[in-house]
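Accompanying notes for the structure given below.
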Amino acid sequence: MVSCGLSALFAFIGPLVVAHSIRVWFQIAIYLTLWGLLETMITGRYPEQMESKDTEHSNISIWDTLQLVLPSLGISIAQGVVMTYVILDVGVTMGAPVRAMFNVAAGLAGLVIPLAVGRWGDKHVVRGLMFLVLLAVPGLVWPTLYTLIFVGLAMGFAQIGLGIILTVKRPNTSSSASAHALVDYGGAATGSTIWGVARQSLGIAPAYALLALPLLLCHFFFERLFRSKRWKAQV
């Protein structure tokens, strides 16, 4: 939550600093990097990772884990596209609040999602998060300052919220963590590249409208995977 809050703050003030003096921003970046290195050296000793005693998860393959985290692929693609092109398409004035709201919502997700899962269960929460991102797509097609703020809130809340749920559900192994990172960051990078081509070929609004397609596909896969024994075994 602290990290997301600081990211939201710098998303607001960063463009303003750059607009006045790019050299000041570079100096701030150097100080923040040194601060991060110092903090890593001070707190670099982590407790040894406890081995999982759950033998049921010991034989889970990477493909099984990929199937588990597949529902997050659509949201990762949408987040990658938005974070890459939104300021380029709508400008700093309207684009900076999107990035800021993304981090604000991501911080809130760490507080709200566990409570929501405890009340309604993971299936209903994941459904709600996917539907939330689908609602954000029209805000990209017909952008205003208010719809773009909603886009940032929806993207941040959905991506971090879904990541919290799937991280808890996956087995505590290096292969599962690698598969989760592959889907999360790979989806964002691939989506940004593909949508860059679509943006040049089709135009800005149609390219953003196409984001509904991977979201709907991943929602379909989620409905199928939730009924599988693999997902239920890890509840």
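The values are calculated or read from the model by the stated rules, or taken from the named source; none is laboratory data. For clarity, every value in this text was computed on a predicted model and none was experimentally measured. A quick note on method: Cβ atoms are made from the backbone with ideal geometry, for glycine too, and the neighbour counts reach across all protein chains shown.
With respect to PRO114, determine if the residue is over 18 Å from ILE77 (Cβ atoms) and not in a helix (DSSP H, G or I). Can you show your working first?
Working: over 18 Å from ILE77 (Cβ atoms): yes; not in a helix (DSSP H, G or I): no.
Criteria not met by PRO114.
Please find, among VAL126, VAL151, VAL183, VAL141, the residue that is surrounded by 18 or more Cβ atoms within 10 Å (Cβ to Cβ) and modelled with pLDDT of 90 or more.
Just one listed residue meets the conditions, VAL151.
The residues in region 202-223 that are farther than 14 Å from ASP89 by Cβ, part of a helix (DSSP H, G or I) and either among the hydrophobic types (A, V, I, L, M, F, W, C) or modelled with pLDDT under 85 (or both) can be counted, and the count is 11.
Which ones in region 104-115 are among the small types (Gly, Ala, Ser) and buried (at least 18 other Cβ atoms within 10 Å of the Cβ)? Before the answer, list the steps.
Quick first cut of region 104-115, residues among the small types (Gly, Ala, Ser) only: 105-107, 109-110.
ALA105, ALA106, GLY107, ALA109, listed by residue number.
On inspection, LYS169 does not qualify as exposed (fewer than 13 other Cβ atoms within 10 Å of the Cβ), at pLDDT below 70 and either farther than 19 Å from ARG127 by Cα or among the charged types (D, E, K, R) (or both). Looking at VAL141, VAL126, just one residue is touching a Phe, Trp or Tyr at 6+ places or on another chain (Cβ under 7 Å) and either of a type in the set (Phe, Trp, Tyr) or under 15 Å from ILE165 (Cβ atoms) (or both), and that residue is VAL126.
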